[in-house]
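**Student:** If you scroll down you'll find the structure; I have some questions about it.
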Amino acid sequence: MKAKYKLSSIIFSTTTLFLVGGIIYVLFSQLQENLNTQNIATGFSFLGYEAGFEISESLVDYDSFDTYEKALLVGFLNTIKMAVVGCFFAFFIGLIFGVMGISKKHALKSFAENYINIIRNIPLLLQLFFWYALFTDIFPNVKEAKSFLGVLLTNRGFYFPIFTSTFVTFIFIFITGIFLVGILYFCLIRIKKYKIPSFICLNLFSLWIITLVFNQLFTVTHPTLQGFNISGGESLSPEFCSLFLGLTIYTGAFMAEIIRSGILAIDKGQWEAGRSIGLNDYQLLRFIIIPQSFKVSLPPLISQFLNLTKNSSLAVAIGYPDFVSIANTSMNQTGQAIELVGLIMAMYLSLSLISSVTLNFLGRSSRA
Amino acid sequence: MLKDYRKKYFNDLESSVASLLIFCIYFFIIGYFFNWLIIEGVWVGDASVCKSSTGACVSFLKEKLVFILFGVYPREFLIRPILGIIILILGWLHFTKKKNWNNLLFFKFLALMFIYILLLRGFNDSFVPTSKWGGLPLTLLLSIVGIALSYPVGIFLALARTSNQLIPRYLSIIYIELIRGVPLISILFMSSVLIPLFLPDGVTINKLFRAQIAIILFSAAYFAEVIRGGLNSIPKGQWEGAKSIGLNYFQIIRLIVLPQALVKVIPPTVNTIIGMFKDTSLVIIIALFDLMGTTKASMTDSKWLGFSVEAYFLCALIYFIICSKMGKFSKKVEQELQRGH
Amino acid sequence: MKSSLIILSIVLSGICFSGTLDVVKKRGTLRCGVSTGLAGFSTPDSKGVWRGLDVDICRAIAAAIFNDPKKVDYVSLNAQQRFTALQSGEIDLLSRNTTHNLSRDTQMGINFAPIVFFDGQGFMVRKKIGIKSAMELDGASVCTQQGTTTELNMADFFRSNRLKLKPVVFESNEEVNQSFIKGRCDALTTDRSGLASERSKMKNPGEYTILPEVISKEPLAPAVRHGDDQWLDVVKWTIYALIEAEELEIDSKNVKSFSKSKNPRVRRFLGISRGNGKALGLDEAWAKNTISHVGNYGEIFERHVGKDSPLKLDRGLNNLWSKGGLLYAPPVR
């Protein structure tokens, strides 16, 4: 009986292979024929052609002289920028609302539950459109820009002052980055009590030093209205802001649910043991429960990070020039849809594979 | 009852402070909303009245309601999509009662969808082409048909992935990882722009079909993963016991493993279904006018410009009602399953 | 669905490649790709009936084939889908204010029919800004639609004049216009006929002005698929017939009176002298049918974008060669 089983399975496997192979062959030969009769260009040589269009925001220098390859690179960097910043803040939101969701104070708990419920049940695209409409409707024209703490609020973006020297900007961002990472570390991992206050103080002090003492040496350029637009300073476009807000709030709600169920999955015994040695709820959470819950929540959290990255492709609907958006424009201009759709899928696949490999490396399965 | 509230919200000092804070926030939000909608809301009047007031322009919603819900469906046949939605609601009420769960469920469901499509389509004189279908009926059609047809495909993929035959396993792994690793937008682009290039001369597939195919391909991969989780959770003892009474692979799957596995993973399945329902809103990007598409289109009427918030609010409300109903159903099932253990 | 049944029957009845003309005749309707709504060119009126210059081109070809301008299925397409719909055979003809240029002609698998509207790209700004020329747009934000030649031409113009440009691109035409009205950008750019069309729809058209610069050539022409010469001939000559009719001073009102004409040119045109219809694969009275149902080019122009329409555009380049324009039809003989 065992031999018969094996034979039938071999037959099944080979027929499946031939079937799938046959379908793929038929499809691709038809594709080839269509491309030939209609004389549609193929191949990746178009990447070296001049793009001809401008991109509204870019991390590297780009103008319409540059190639499609450069344009796609700009899009890729924009996607990464959104993904990194978005994941970071989404995690914070998730942490805050996740912990709120298990709070003993019923008001907080129901607030978190209602919030998560509402955010999760409305499509992300709708939330993005809503935020975008809000940003462009509420904020005034550049000519009537409102100023708030030195930041100019307009419907073309938020313009804030920045250090004239890029070197100082980098140092500033670096210190701020360390500060934020420090907060993360502080919340999650056990740190002996005396280390924390000194860590924070050190960061605050260095920030204070830089901004106050060296204010004379490092000039700051303020944004001002010149001609049609505001020049000087850095800006955050309404596209970036609405995509950022929409993505972080949406993904944050999902992360909150995951973190909450991770915390609830910890054995009650841990809570009881912690209380019996005199820890209060806050210390319990910080030192015992949350670190353990991350073993459970990490895989679904990573998949939420991936979701955020994939969802950033919705940028095409609100005009943020991410990879998909620029590929879409290129598709319309060159007509080479196959190559570009292939590039889009390859890019997201590689990001997804990298995260799978990382998880496996950390010893966990990426499916929860 | 008042005592319960006091215990819940004002148990101790910390709790009371938090509750007061939250209640303040609620009060402000609800108060602002109430003010916007009811007190300053323009319920009667045209665009100029609306523009001069700072409240919600409800007359805009009243004017555009039919358009947002039904798109450009011919007005004289409007009774048909309305009937279709009513049938779907009745179907939902019927299918979510546990006592109705039997083998005929799937066939009843297929019959329901068949009737629904026929209603939308009409015959001869009253034929309405798919290019005119839009709004809520289109969203429901895309998501329900998409989910219904992708579920069997998902089962098939999950079985392939957990089988010990090399070829089916690797083929399905490639498919699932490929589809899950890319955003739905790219699959929609692929279907709307690439599928025509794969077809022989003269054969075309309707735009709606192409979007439907994309949604089915996409959902199948996600369902496959959920079902795989269920399959993996069936103890090996079940397999061994079934083999020992002489059942072959297909019988084991059909009679023993699948019924248990599918029921076990109903909560994540319903979560995936809710996710897919929301994702159908992406078809606006390939210019299909589902509920989101008609909402956006309603805002471009030059006579009624600038009321995007009202339109989005209505659209969000509809999605929220449908999704939360499904979510509640999922919680109910989860509780029943837990009780069963 | 009905469309798939039709497709199946076509495939079954014509296994080897049959020309588009045969397919259209068998089907009984012409499938025409139009825009998602551009006043003057293709837009549905309040009853859902499509109207516009591009729409009339479709109607003219349907009249030439079937002697009935109503035998057209209109498929609304956005800028991204228009070429794939044509390539795949979903539509027979793309009549959607599409610019004829080299890359589209060679790389997209389509052929262009004669130009039906000579246009150029321009800018529209609010009068309040107070600028009189596009050269003053240094540093301005300009709204435009994604994936169009407009986007590329705009970049070229700013670059060659060493002006700084801040592009604001959107997927759909409606979003572009809305953003411009809301003040998200300082200027709007598209074909000048498009600018006029959008301005006519605005609440206060008088607040906006179209700057005088014409920064590119935008010859708008219908398109068909590569590899079907007979179909291209049909479309080409129907359009030439519209122009030739205006030159012969035949319009929809007086076409009947011309049937007694002794002028050999008129006789060949109206099909009284036989031969041309057969060569094209159409009825001998194809031109007569077209003119009597749809009118000549001049009538179509004035009806949708000229003095009888809200756009009120001048004939300008879109006039007969004999009157100073660029419309020149080869002889119908």
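**Student:** Can you report the number of residues in segment B:67-113 which are among the charged types (D, E, K, R) and under 21 Å from B:PHE127 (Cα atoms)?
**Tutor:** 3
**Student:** Residues to consider are A:GLY48, A:GLY75; find the one that is within 36 Å of the chain's Cα centre (by Cα) and touching a residue at least 24 places away in the same chain (Cβ under 8 Å).
**Tutor:** Step by step, each of A:GLY48, A:GLY75 is checked, and only A:GLY75 is within 36 Å of the chain's Cα centre (by Cα) and touching a residue at least 24 places away in the same chain (Cβ under 8 Å).
**Student:** Does any residue of segment C:313-332 turn out to be β-branched (Val, Ile, Thr) and at pLDDT 85 or above?
**Tutor:** No: zero hits.
**Student:** Could you list all residues from segment C:187-231 that are in a helix (DSSP H, G or I), assigned by TED's automatic domain parsing to the domain that holds C:SER309 and surrounded by fewer than 19 Cβ atoms within 10 Å (Cβ to Cβ)?
**Tutor:** Passing the criteria: C:ASP229, C:GLN230.
**Student:** For segment A:94-119, name all the residues that are without any contact (Cβ under 8 Å) to a residue 24 or more places away in the chain and not in a helix (DSSP H, G or I).
**Tutor:** Matches in segment A:94-119: A:SER103, A:LYS105.
**Student:** Which count do you get for residues in segment A:308-320 that are closer than 19 Å to A:TYR62 by Cα and more than 8 Å from chain C (Cβ to nearest Cβ)?
**Tutor:** The number of residues fulfilling the criteria is 1.
**Student:** Looking at A:GLY86, is it under 30 Å from A:ILE249 (Cβ atoms) and either touching an Asp or Glu at 6+ places or on another chain (Cβ under 7 Å) or within 14 Å of chain C (Cβ to nearest Cβ) (or both)?
**Tutor:** no
**Student:** Tell me which residues, restricted to segment C:281-324, are without any contact (Cβ under 8 Å) to a residue 40 or more places away in the chain and in a loop (DSSP other than H, G, I, E, B).
**Tutor:** C:GLU284, C:GLY306, C:LYS307, C:ASP308, C:ASP314, C:ARG315, C:ASN319, C:GLY324
**Student:** Report, by residue number, each residue of segment B:266-299 that is outside any helix (DSSP H, G or I) and at the interface with another protein chain (Cβ under 8 Å from one of its Cβ atoms).
**Tutor:** Within segment B:266-299, B:ALA287, B:MET299 qualify.
**Student:** Restricting attention to segment C:63-94, and to residues there that are of a type in the set (Gly, Ala, Ser) and under 18 Å from C:ASP229 (Cα atoms), which single residue is surrounded by the fewest Cβ atoms within 10 Å (Cβ to Cβ)?
**Tutor:** In this case the residue turns out to be C:GLY89.
**Student:** Moving on to the next point. Out of curiosity, is C:PHE123 crowded, with 23+ Cβ neighbours inside 10 Å, among the hydrophobic types (A, V, I, L, M, F, W, C) and either in contact (Cβ under 8 Å) with a residue 24 or more places away in the chain or in a helix (DSSP H, G or I) (or both)?
**Tutor:** The answer is yes for C:PHE123.
For (1) within 25 Å of B:LEU197 (Cβ to Cβ); (2) in contact with a Lys or Arg (Cβ under 8 Å, 6 or more places away or on another chain); (3) outside the structural domain of A:GLY86 (by TED's automatic domain parsing); (4) in contact (Cβ under 8 Å) with a residue 40 or more places away in the chain, each residue gets a yes or a no:
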| residue | (1), (2), (3), (4) |
| --- | --- |
| A:PHE244 | no, no, no, yes |
| A:ALA256 | no, no, no, yes |
| A:GLN270 | no, no, no, no |
| A:ASN328 | yes, no, no, no |
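**Student:** Would you list the helices (runs of 4 or more DSSP H) that sit entirely within segment B:153-210 and hold 3 or more residues that are touching a Lys or Arg at 6+ places or on another chain (Cβ under 8 Å)?
**Tutor:** B:166-181
**Student:** Kindly indicate whether B:LEU188 is crowded, with 18+ Cβ neighbours inside 10 Å, more than 27 Å from B:LYS296 (Cβ to Cβ) and in contact (Cβ under 8 Å) with a residue 40 or more places away in the chain.
**Tutor:** no
Residues checked against (1) aliphatic (A, V, I, L, M); (2) surrounded by fewer than 21 Cβ atoms within 10 Å (Cβ to Cβ); (3) more than 7 Å from every other protein chain (Cβ to nearest Cβ); (4) closer than 28 Å to C:THR36 by Cβ:
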| position | (1), (2), (3), (4) |
| --- | --- |
| C:ASP119 | no, no, yes, yes |
| C:LYS127 | no, yes, yes, no |
| C:LYS132 | no, yes, yes, no |
| C:VAL142 | yes, no, yes, yes |
| C:THR150 | no, no, yes, yes |
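**Student:** A further question follows. Among the residues of segment C:174-198, count how many are more than 7 Å from every other protein chain (Cβ to nearest Cβ) and among the basic types (Lys, Arg).
**Tutor:** The qualifying residues number 1.
**Student:** Given the conditions (1) modelled with pLDDT of 85 or more; (2) surrounded by fewer than 24 Cβ atoms within 10 Å (Cβ to Cβ), report the number of the one that B:PRO267 does not fulfil.
**Tutor:** Every listed condition holds for B:PRO267 apart from (1).
**Student:** Take the residues of segment C:26-62 that are surrounded by fewer than 21 Cβ atoms within 10 Å (Cβ to Cβ) and more than 14 Å from chain B (Cβ to nearest Cβ): which is nearest to the chain's Cα centre (by Cα)?
**Tutor:** Restricting to residues being surrounded by fewer than 21 Cβ atoms within 10 Å (Cβ to Cβ) and more than 14 Å from chain B (Cβ to nearest Cβ), the top hit is C:ARG51.
Residue-by-condition table, conditions (1) under 23 Å from A:LEU306 (Cβ atoms); (2) modelled with pLDDT of 85 or more; (3) crowded, with 18+ Cβ neighbours inside 10 Å:
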site: B:LEU184; (1), (2), (3): yes, yes, yes
site: B:ARG210; (1), (2), (3): no, yes, yes
site: B:VAL226; (1), (2), (3): yes, yes, yes
site: B:LYS236; (1), (2), (3): no, yes, no
site: B:LYS243; (1), (2), (3): no, yes, no
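**Student:** Something else: Among the residues of segment C:76-113, write down those that are in a helix (DSSP H, G or I) and out of contact with any helix residue (DSSP H, G or I) (no Cβ under 6 Å at 6 or more places or on another chain).
**Tutor:** Result: C:ARG82, C:PHE83, C:ALA85, C:LEU86, C:GLN87, C:LEU102, C:SER103, C:ARG104, C:ASP105, C:THR106, C:GLN107.
The values are calculated or read from the model by the stated rules, or taken from the named source; none is laboratory data. Note that the structure is a prediction, hence the values are computed from the model and not measured. A quick note on method: Cβ atoms are made from the backbone with ideal geometry, for glycine too, and the neighbour counts reach across all protein chains shown.
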